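What follows is a short report on a single structure.
The values are calculated or read from the model by the stated rules, or taken from the named source; none is laboratory data. Predicted, not measured: the structure shown is a model, and the values here were computed from it. Quick reminder, even Gly has a Cβ in these numbers, built from the backbone with ideal geometry, and neighbours come from all protein chains shown.
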């Protein structure tokens with residue numbers, strides 16, 4: 001089992017729809033979770049962090065965390081073509097403190 | 001605005017050359033990291049540092065070394081470049097990992 005798992009996609013949604021990106025992790029002791037957006041040919045950019053169970057909203061983005069199920073998700077409301085990118089989930093290891101990255105999910109938002 | 005600066009955006013080197021990739025951050029971060037990113041393999045940690053003159057091996061340190069003489073600068077060194085080191089190299093700093101713009105290295 002990979003430490004952080006994401007569906008590689010591509011996930012295709014129409015403009016204006018809600019995009020739902022999912023991530024599962026294996027480290028039950030993890031306390032910090034991050035979502036990064038990476039445009040093609042660019043470096044990852046931190047867009048959300050979440051530390052407590054429940055939802056955290058920032059503009060059109062909502063991160064959801066369920067530690068019991070070891071599941072973290074990112075919802076993008078009113079998806080725009082400019083949201084088309086690869087989204088990386090990262091989990092801080094409770095053992096080493098380093099971030100463990102998933103392979104990323106590619107999102108395509110079609111006009 | 002916080003910044004992590006990587007000295008080169010694109011680099012082409014010959015097999016066997018010694019290659020230096022520089023990374024500078026202006027956020028007074030203690031933690032700095034070097035990753036490489038390849039299609040299908042994701043981000044792989046090469047080396048990291050939690051303090052000046054301190055370095056720790058990541059998951060794929062073979063063929064690489066690092067130097068951290070000053071807090072703001074973390075250098076990645078390819079001792080003798082090989083074609084399988086052709087990749088995108090990403091530097092990051094801080095607990096939330098601010099990434100530099102990356103260096104796309106091609107070894108010919």
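From A:46, A:21, which residue is more than 14 Å from every other protein chain (Cβ to nearest Cβ), under 13 Å from the mean Cα position of the chain (by Cα) and surrounded by 17 or more Cβ atoms within 10 Å (Cβ to Cβ)?
On the way: A:46 fails: more than 14 Å from every other protein chain (Cβ to nearest Cβ).
Just one listed residue meets the conditions, A:21.
If I filter the range B:86-99 for residues that are in a loop (DSSP other than H, G, I, E, B) and farther than 22 Å from residue A:98 by Cα, do I get at least one hit?
Checked the range B:86-99: at least one residue is in a loop (DSSP other than H, G, I, E, B) and farther than 22 Å from residue A:98 by Cα.
Quick check on this structure: which one of B:104, B:73 is within 9 Å of chain A (Cβ to nearest Cβ) and touching a residue at least 24 places away in the same chain (Cβ under 8 Å)?
Testing whether each residue is within 9 Å of chain A (Cβ to nearest Cβ) and touching a residue at least 24 places away in the same chain (Cβ under 8 Å) leaves just B:104.
Looking at the range B:50-61, is at least one residue assigned to a strand (DSSP E or B), within 14 Å of chain A (Cβ to nearest Cβ) and either under 19 Å from residue B:11 (Cβ atoms) or touching a residue at least 12 places away in the same chain (Cβ under 8 Å) (or both)?
Keep residues of the range B:50-61 that are assigned to a strand (DSSP E or B), which gives B:56-57.
So of that shortlist, the ones also within 14 Å of chain A (Cβ to nearest Cβ) come out as B:56-57.
Checking which are either under 19 Å from residue B:11 (Cβ atoms) or touching a residue at least 12 places away in the same chain (Cβ under 8 Å) (or both) leaves us with none.
Within the range B:50-61, not a single residue is assigned to a strand (DSSP E or B), within 14 Å of chain A (Cβ to nearest Cβ) and either under 19 Å from residue B:11 (Cβ atoms) or touching a residue at least 12 places away in the same chain (Cβ under 8 Å) (or both).
Could you list, in sequence order, all residues of the range B:50-64 that are under 17 Å from residue B:18 (Cα atoms) and either modelled with pLDDT under 95 or surrounded by 15 or more Cβ atoms within 10 Å (Cβ to Cβ) (or both)? Show your work before the answer.
First, pick out the residues of the range B:50-64 that are under 17 Å from residue B:18 (Cα atoms): B:61-64.
Selection gives B:61, B:64.
Tell me which residues, restricted to the range B:94-108, are surrounded by 19 or more Cβ atoms within 10 Å (Cβ to Cβ) and within 14 Å of the chain's Cα centre (by Cα).
Filtering the range B:94-108 for residues surrounded by 19 or more Cβ atoms within 10 Å (Cβ to Cβ) gives B:97-100, B:102-103, B:105, B:107.
Passing the criteria: B:97, B:98, B:99, B:100, B:102, B:103, B:105.
Within the range A:51-74, does at least one residue satisfy the condition of being within 12 Å of chain B (Cβ to nearest Cβ) and either touching a helix residue (DSSP H, G or I) at 6+ places or on another chain (Cβ under 8 Å) or farther than 19 Å from residue B:99 by Cα (or both)?
Quick first cut of the range A:51-74, residues within 12 Å of chain B (Cβ to nearest Cβ) only: A:51.
Those still in the list that are either touching a helix residue (DSSP H, G or I) at 6+ places or on another chain (Cβ under 8 Å) or farther than 19 Å from residue B:99 by Cα (or both) too: A:51.
Among the residues of the range A:51-74, at least one is within 12 Å of chain B (Cβ to nearest Cβ) and either touching a helix residue (DSSP H, G or I) at 6+ places or on another chain (Cβ under 8 Å) or farther than 19 Å from residue B:99 by Cα (or both), which makes the answer yes.
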